[in-house]
Amino acid sequence: MASARRSLLAIATGVILTAASIVMAQEPPRVVPQPRPAAPTAPIADAAIPAAPDAASQAAPVAPSATVAATTAAPSGPQVGPVTGFPIPRYVSLKASEANARRGPSRSHRIDWVFLRRNMPVMVVAEHGHWRRIIDRDGAGGWVHYTMLSGVRTVIVEADMLPIMTRPDPGTMVRAQAERDVIAEVKQCRAGWCEIEAGGYRGWVDAAGLWGVGPGETIE
């Protein structure tokens, strides 16, 4: 009788060990946590490079309701800057060869972009004290100090091999051709034509091939 009980006890122990082995075999492998990949780098805009991130000075995200309210409250039609009284938006150019574009109108705000192309045309879209919010032709930008800007009008050639004519007439002689992305100084604009100077050449071009002048804008 005692021998039979010992046999039953051995069999029960073997069943328990076998069940435990099955449970351990079915336990899924442990997943080792992986580090979170870095955020993708912002695309480099024309004549601008992204500044190094500064997590301590990042602005808090704007609530969707606040964004909608700001968009709804924006007045339509022509506007003027509250500081200068000049039109908003308007075109100016970069006076400095290096200009920091910040997230807000003060030096305590994070630098989002650094513009590195002197005389590049930009658009002023807002004013606050000594600061102007600007964007380039790709929409990149931020707040820069007004001393970084100039009222001298320049343009960027957007057409490939834009003809520079002797007069504002497509039937006149071609004096030269301006390559895409060339920066030129504007002398005057009228009736869809602009007289520009670049690389020692001066003449008239179709304003539709330029960025830095408004549609139908007259410059004297």
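The values are calculated or read from the model by the stated rules, or taken from the named source; none is laboratory data. Predicted model, so just to flag it, every value in this text is computed and none were measured. Here the Cβ is made from the backbone with ideal geometry for all residues, glycine too, and neighbour counts use every protein chain on show. SASA here: full protein model, heavy atoms, side chains in, ligands and nucleic acids out. Shrake-Rupley method; radii C 1.70, N 1.55, O 1.52, S 1.80 Å.
Annotations for the structure displayed:
- Hey, R137 within 17 Å of G214 (Cα to Cα), assigned to a loop (DSSP other than H, G, I, E, B) and not aromatic (F, W, Y) or not: yes
- For segment 191-198, the criterion of a residue being in contact with a Gly (Cβ under 8 Å, 6 or more places away or on another chain), part of a loop (DSSP other than H, G, I, E, B) and open to solvent by less than 60 Å² (accessible area, probe 1.4 Å) is satisfied by at least one position.
- Each residue in segment 135-147 was checked for being under 28 Å from R202 (Cα atoms) and either crowded, with 21+ Cβ neighbours inside 10 Å or of a type outside the set (A, V, I, L, M) (or both), and 3 of them qualify.
- Conditions (1) of a type in the set (A, V, I, L, M); (2) under 29 Å from R190 (Cα atoms); (3) open to solvent by 30 Å² or more (accessible area, probe 1.4 Å); number of the one not met by L162: (3)
- Taken together, the residues in segment 83-115 that are touching an Asp or Glu at 6+ places or on another chain (Cβ under 9 Å), open to solvent by 70 Å² or more (accessible area, probe 1.4 Å) and modelled with pLDDT under 95 amount to 0.
- Unique match (being under 26 Å from the mean Cα position of the chain (by Cα) and on the phi > 0 side of the Ramachandran plot) among G200, G192, G212: G212
- Residue check for A126: surrounded by 15 or more Cβ atoms within 10 Å (Cβ to Cβ), within 24 Å of I88 (Cβ to Cβ), touching a strand residue (DSSP E or B) at 6+ places or on another chain (Cβ under 6 Å) and among the small types (G, A, S): yes
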